[in-house]
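A.B. asks: Here it is: the structure, laid out below.
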Amino acid sequence: MWAASKGTGFVGRILAPTVSTLLEFTGISVVDKEAKQAAQGSKLAMAALVLDIGTSAIPGGRQGKEATRRLIKSATENPGAWRTVAAFVEKAVTRQARGGVSIQQVVQNEAGDQLVRHTILDAAGEVVEDHYRPMLKAPIQ
Amino acid sequence: MVAWTSTDMFILDVVADDVENLGDIVLRLNSSIPSAWRHRAGRSFSREEVVLSLSRLVKHNLVQTYVEDDKEPALRALSSSSLPSEAYEAAWFGITSQGRIVHSSWEPDNRSSNQD
């Protein structure tokens with residue numbers, strides 16, 4: 001799996017395995033290393049993988065902007081009602097968290113609504129960011 | 001060639017890993033954690049200056065604007081260089097491939113980044 005990939009330094013030796021173990025203990029279905037390799041490290045391809053998972057969402061019945069806000073409020077205030085159905089762990093790109101990791105989890109509620117939880121940990125393990133956002137729609141070709 | 005300000009680059013850095021909304025960008029710039037850009041800059045960042053910088057970044061296609069879809073709880077990308085038509089608070093922002101090139105070649109100044 002991604003988080004367990006080889007590496008040196010804090011991320012490779014300590015942080016990534018720790019995150020990986022945490023994800024396993026929480027029952028998260030982590031996209032495997034092969035998927036990352038298929039994406040060849042491309043951010044766009046990785047985003048497409050997230051998007052691909054998103055398109056399998058069960059229709060939740062609620063639509064539009066108000067629904068988006070309600071869902072984010074629900075996930076923020078009641079995270080226990082959401083389970084992680086996929087996760088991506090990769091090296092953080094942001095200079096602010098140099099040496100840290102970026103974790104994207106696709107979370108889903110009982111109705112099948114999905115959001116992305118994005119967390120960044122810096123090299124010291126400090127949480128730089130932790131927020132929910134809606135899934136990205138595929139661009140119209 | 002555009003001369004990017006340190007605020008422009010800090011914002012580009014905040015959106016480098018994922019799509020963010022205005023509130024989250026301002027919060028992260030002004031966060032209390034040691035690595036927050038406000039410590040590097042020696043000052044906090046106002047919503048107004050963040051909006052100005054974001055607009056510049058979007059106009060030059062370093063940042064992409066996303067809006068919440070009308071029909072489903074999802075984000076829809078606006079066309080390149082398009083600013084939000086509604087309030088900035090309702091929009092989300094992510095780095096573009098061009099933005100990624102600029103960001104990857106940027107090294108923050110450790111002494112002082114307050115060059116605006």
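Quick note: the coordinates plus some simple rules give every number you see, no bench work behind them. Everything numeric in this text was worked out from a predicted model, so none of it was measured. Positions of Cβ are generated from backbone atoms using ideal geometry, with glycine treated the same way; all protein chains shown enter the neighbour counts.
A.B. asks: Can you pull out the GluC sites (Glu not before Pro) in the stretch B:1-103 whose DSSP state is coil and whose Cβ has at most 16 other Cβ atoms within 10 Å?
C.D. replies: On the way: sites: B:Glu20, B:Glu48, B:Glu49, B:Glu68, B:Glu86, B:Glu89; in loops: B:Glu86.
Loop-located and lightly packed - B:Glu86.
A.B. asks: Skipping prolines and chain starts, which residues have an amide H placed within reach, meaning under 5 Å, of the one on A:Val85, given they are 5 or more residues away or on another chain?
C.D. replies: Under 5 Å from the amide H of A:Val85: A:Val106, A:Val107, A:Gln108.
A.B. asks: Rounded to whole Å, give me the distance from the Cα center of the stretch A:88-141 to that of the stretch B:9-81.
C.D. replies: That distance is 15 Å.
A.B. asks: Would you mind checking which residues have amide H under 5 Å from A:Met135's amide H? H placed 1.01 Å from N; only 5 or more apart, or other chain.
C.D. replies: Excluding prolines and chain starts, which carry no amide H, the hits are A:Val116, B:Leu75.
A.B. asks: Starting at the first residue of the stretch A:85-92, write each ³J(HN,Hα) from the Karplus equation 6.51 cos²θ - 1.76 cosθ + 1.60 with θ = phi - 60°, in whole Hz, x for Gly and Pro.
C.D. replies: 10, 6, 8, 10, 10, 9, 5, 5
A.B. asks: Could you size up the charge dipole of the stretch B:6-104 around its Cα centre, putting +1 on the beta carbon of Lys and Arg and -1 on that of Asp and Glu, and report it in debye to the nearest 20? Before the final figure, lay out each step's value.
C.D. replies: Working: 10 positive and 14 negative charges, 96 e Å.
Charge dipole, the stretch B:6-104, about its Cα centre: 460 debye, nearest 20.
A.B. asks: Also, I was wondering about something else. If we count other beta carbons within 10 Å of each Cβ, what is the order of B:His39, A:His131, fewest first?
C.D. replies: On the way: B:His39 14, A:His131 20.
Lowest count first: B:His39, A:His131.
A.B. asks: Continuing with the same structure: Based only on other Cβ atoms within 10 Å, what is the fewest-to-most ordering of B:Ile33, B:Ile101? Intermediate results must be reported in sequence, preceding the final value.
C.D. replies: Details: B:Ile33 16, B:Ile101 12.
Going from least to most buried by this count: B:Ile101, B:Ile33.
A.B. asks: What FRET efficiency comes out for the pair B:Ala3/B:Leu27, r = Cβ-Cβ distance, R0 = 25 Å, nearest 0.05?
C.D. replies: Working: r = 27 Å, r/R0 = 1.07.
Approximately 0.40, to the nearest 0.05.
A.B. asks: So how do B:Phe45, A:Phe88 line up by other beta-carbon neighbours within 10 Å, fewest first?
C.D. replies: Details: B:Phe45 20, A:Phe88 24.
Sorted ascending by nearby Cβ count, the order is B:Phe45, A:Phe88.
A.B. asks: Could I ask something else about it? So what J values fall out for the stretch B:2-19 if you push phi through Karplus, 6.51 cos²θ - 1.76 cosθ + 1.60 with θ = phi - 60°, rounded to Hz, Gly and Pro as x?
C.D. replies: 7, 8, 6, 7, 5, 5, 4, 5, 4, 5, 4, 5, 5, 9, 5, 9, 6, 6
A.B. asks: Net charge around B:Val14, counting only other residues with Cβ within less than 12 Å of its Cβ (Lys, Arg = +1; Asp, Glu = -1)?
C.D. replies: Details: positive: A:Arg95, B:Arg28, B:Arg38; negative: A:Glu129, B:Asp8, B:Asp13, B:Asp17, B:Asp18, B:Glu20, B:Asp24.
So the surrounding residues net to -4.
A.B. asks: Tell me what chain B gives for mean residue ellipticity at 222 nm when only DSSP H runs of n ≥ 4 count, each as -39,500 (n - 2.57), the sum divided by the residue total, rounded to 500 deg cm²/dmol. Don't jump to the answer; show the numbers that get you there.
C.D. replies: Values: 5 runs with 43 residues, N = 116.
Only helices count here, giving -10500 deg cm²/dmol.
A.B. asks: If you don't mind, there's one more thing I want to ask. Checking the table A:Lys91/A:Lys137; A:Lys91/B:Lys71; A:Lys65/A:Lys91 against a 28 Å threshold on Cα-Cα, which pairs fail?
C.D. replies: Values: A:Lys91/A:Lys137 24 Å; A:Lys91/B:Lys71 34 Å; A:Lys65/A:Lys91 31 Å.
Result: A:Lys91/B:Lys71; A:Lys65/A:Lys91 exceed 28 Å.
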